Amino acid sequence: FDGAEADFNLGEVALGVGYGRFESADSLSGEASYKDAEVFYAQAKANLGVAKLGVDYFKAADSDVIKLGSTMDKYEVVGANVLVPVGDFRVAGDYYVNTAYDGDPQVWAAGLGYGAVNAKNPGSWGIDVAYFDVEQGVFANGIGGWQLYNNKLLQRDGSFWYASADVA
């Protein structure tokens, strides 16, 4: 990625912005290519104490050079996420929409987690479960904030439950 990024940390609020061009970028599966695509992104995060909020924007400035296989070729995504800690539990939600793709496809997720992994505390653990409702065309392999073992679940219409666990 050839470009510029700027991050601003204002205590409980963090802002990030970037613009650049992918020099050589193919997805791990080989189904997508972002080579020569110009992209812009902006992100804002806020820790309000009772909740953590995030807003994301990502746009491919030249969608014609992005080749995302059968999934999609136009990408302008805006979305938000929230995480509310409740003791050792956490409740989370996400909503994203691709306004450049036909039909403005969207994805939303809602989840619940317990515990937390701390690398300095062997034996610490965390477990999460989430429900996803996905419309094809909002997610491109390699782009997005979800840590799913199989990102193909986010590349087609459907809904599913996803569970994960981590141990230090």
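What the table below lists for this structure:
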{"quantity": "Inter-label distance, nm, simple model (7 Å from Cα along the C-beta direction), Val167/Trp125", "calculated": "0.5 nm"}
{"quantity": "Cut-off under 5 Å, modelled amide H: who pairs with Ser124 long-range", "calculated": "Asn118, Ala168"}
{"quantity": "Global form of the stretch 75-114, assessed from the alpha-carbon gyration tensor, a/c cut-off 1.5", "calculated": "prolate"}
{"quantity": "Note, ³J(HN,Hα) from phi for the stretch 112-122, Karplus 6.51, -1.76, 1.60, rounded to Hz, x at Gly and Pro", "calculated": "9, x, 9, x, 7, 7, 10, 4, 7, 10, x"}
{"quantity": "In Hz, Karplus ³J(HN,Hα) per residue of the stretch 37-45 (6.51, -1.76, 1.60; θ = phi - 60°; x = Gly, Pro)", "calculated": "7, 8, 9, 10, 9, 9, 9, 10, 10"}
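No value in this document is a laboratory result; all are computed from the given coordinates. All figures in this text were calculated on a predicted structure; none of them were measured in a lab. No Cβ is skipped: glycine too gets one built from the backbone with ideal geometry, and neighbour counts run over all protein chains shown.
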